[in-house]
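The values are calculated or read from the model by the stated rules, or taken from the named source; none is laboratory data. Every value quoted in this text rests on a predicted model; they were computed, and no experiment measured them. Please note: Cβ atoms are built from the backbone with ideal geometry, for glycine as well, and neighbour counts cover all protein chains shown.
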Amino acid sequence: MNTNPRTIALCIAFFLASALITYTLKTSHHPATGPWLPSLRKHRAHFLPHQHLISAPKVAYATFLAANTHSSSSKEDDIPDDEDGYFVGTRVLAYQLLHSRTAGTNLSIPFLVLCTRDVSKRKRDRLKQDGATVILVEKLNADWVHPGADRWRDVLAKLRLFQLVEYTKILFIDADMLVTKPLDGVFYDEATLTQATGTKPEKLLEDEGALPRTYMFSTHGDLWGYEHPYPPDPNLDYLNCGFFVFTPSKVLFDYYVSLLKLPGRFDPGFPEQNLLNYAHRREGNMPWKPLWYGWNVNWPTEKDWRGGAHSFHAKYWDGDPSHDPVLKAIWKEQRAEMEGYYRGREEGSR
């Protein structure tokens, strides 16, 4: 029986192709049944950074909510929820980060809300309905720390974020924030790379706690007013802690607590901000690193927004006439959008 030479050649070609595919799979860095195959089938945009973040240890957004954000003559339950600025701000922030089509996460990054135990269960339940992960924390105080404003009485509890060691990186965002563009990329900012703790013997004090071997703390400098250029000056020394990225660490948290036991070690007027400025001072062993200027602006103006900044730090719910009217209008639109979103979702589930 004669065999067609073309048939023989075709069989040899199929055999060689099969052998080549088998060899490629066996020598690849990725297993043939690994998580990369489903991602390829989904044709995800920006495959490599997204896949890296999904397979890496967890990252999160976070904010802080206390009950003591009103005047000393007001109790939390005396103020309607929709008039409680920090609570409303937290809800708007949750909507912006989790659900907004223009500013929300593309990577399903969770949003943590640290609440002191005196925040009402009603408010905590509402935040859970909004999609936030509520974490109850104990207050953190020191007898000698007297903040410059009554609403800052409990802000030192923010430092309990550093106890959340199940997360590799957390972006902390104050509740009084307008977000107009996604912030997911902040976790890839080069300032968020792990740093070795410095060795400056003259800066190591015996009455302070031990420092971690490595750390990561990155943020922006405080602009101290609306008259600033965009991009802002990158050489600012005093950090603003309304927006910062960090790696949780029990050793670092214990170091912060040790500072609270040393009256006068830092100016308590801005309790947590001045503590962090001391701990991460530029000339110290754990200097803070500057993030890309566009992630966030404090003392923001329309110029910053038109320049491409992603988020803006101001209490747009109050009547402060110094606030930029364009940014305040955008925040109010975001609040209305948030309320409509949840109203539609809840009515649709009935």
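Somewhere in segment 279-291, is a residue closer than 22 Å to Leu164 by Cα, touching a residue at least 12 places away in the same chain (Cβ under 8 Å) and small (Gly, Ala, Ser)? Looking through segment 279-291, at least one residue is closer than 22 Å to Leu164 by Cα, touching a residue at least 12 places away in the same chain (Cβ under 8 Å) and small (Gly, Ala, Ser).
Would you tally the residues in segment 217-241 being free of Cβ contacts under 8 Å to residues at least 60 places away in the same chain, part of a loop (DSSP other than H, G, I, E, B) and under 22 Å from the mean Cα position of the chain (by Cα)? Break it down into steps so the answer makes sense when it comes.
Step one: of segment 217-241, the residues free of Cβ contacts under 8 Å to residues at least 60 places away in the same chain are 227, 229, 233-239.
Filter once more, keeping what is part of a loop (DSSP other than H, G, I, E, B): 227, 229, 233-238.
This time we only want the ones that are under 22 Å from the mean Cα position of the chain (by Cα), so: 234, 236-238.
The number of residues fulfilling the criteria is 4.
Residues to consider are Pro232, Pro248, Pro201, Pro271; find the one that is at pLDDT below 95 and in contact with a helix residue (DSSP H, G or I) (Cβ under 6 Å, 6 or more places away or on another chain).
On the way: Pro248 fails: at pLDDT below 95; Pro201 fails: in contact with a helix residue (DSSP H, G or I) (Cβ under 6 Å, 6 or more places away or on another chain); Pro271 fails: at pLDDT below 95.
Selected residue: Pro232, the only one of Pro232, Pro248, Pro201, Pro271 that is at pLDDT below 95 and in contact with a helix residue (DSSP H, G or I) (Cβ under 6 Å, 6 or more places away or on another chain).
Can you find a residue that is in contact with a Lys or Arg (Cβ under 9 Å, 6 or more places away or on another chain), β-branched (Val, Ile, Thr), touching a residue at least 60 places away in the same chain (Cβ under 8 Å) and surrounded by fewer than 15 Cβ atoms within 10 Å (Cβ to Cβ) anywhere in segment 168-186? No, every residue in segment 168-186 fails to be in contact with a Lys or Arg (Cβ under 9 Å, 6 or more places away or on another chain), β-branched (Val, Ile, Thr), touching a residue at least 60 places away in the same chain (Cβ under 8 Å) and surrounded by fewer than 15 Cβ atoms within 10 Å (Cβ to Cβ).
The single condition among (1) loosely packed, with under 15 Cβ neighbours inside 10 Å; (2) in contact (Cβ under 8 Å) with a residue 60 or more places away in the chain; (3) under 30 Å from Lys181 (Cα atoms) that Trp144 does not satisfy is (3).
Lys332 - would you say it is part of a helix (DSSP H, G or I) and free of Cβ contacts under 8 Å to residues at least 60 places away in the same chain?
Criteria met by Lys332.
Residues that are under 24 Å from Leu193 (Cβ atoms) and of a type in the set (Val, Ile, Thr) number at least 1 in the following helices (runs of 4 or more DSSP H) confined to segment 242-323: 250-260. Output yes when any residue across segment 256-267 is under 18 Å from Val155 (Cβ atoms), under 21 Å from the mean Cα position of the chain (by Cα) and either modelled with pLDDT of 95 or more or among the basic types (Lys, Arg) (or both), and no when none is. Yes, the conditions are met somewhere in segment 256-267.
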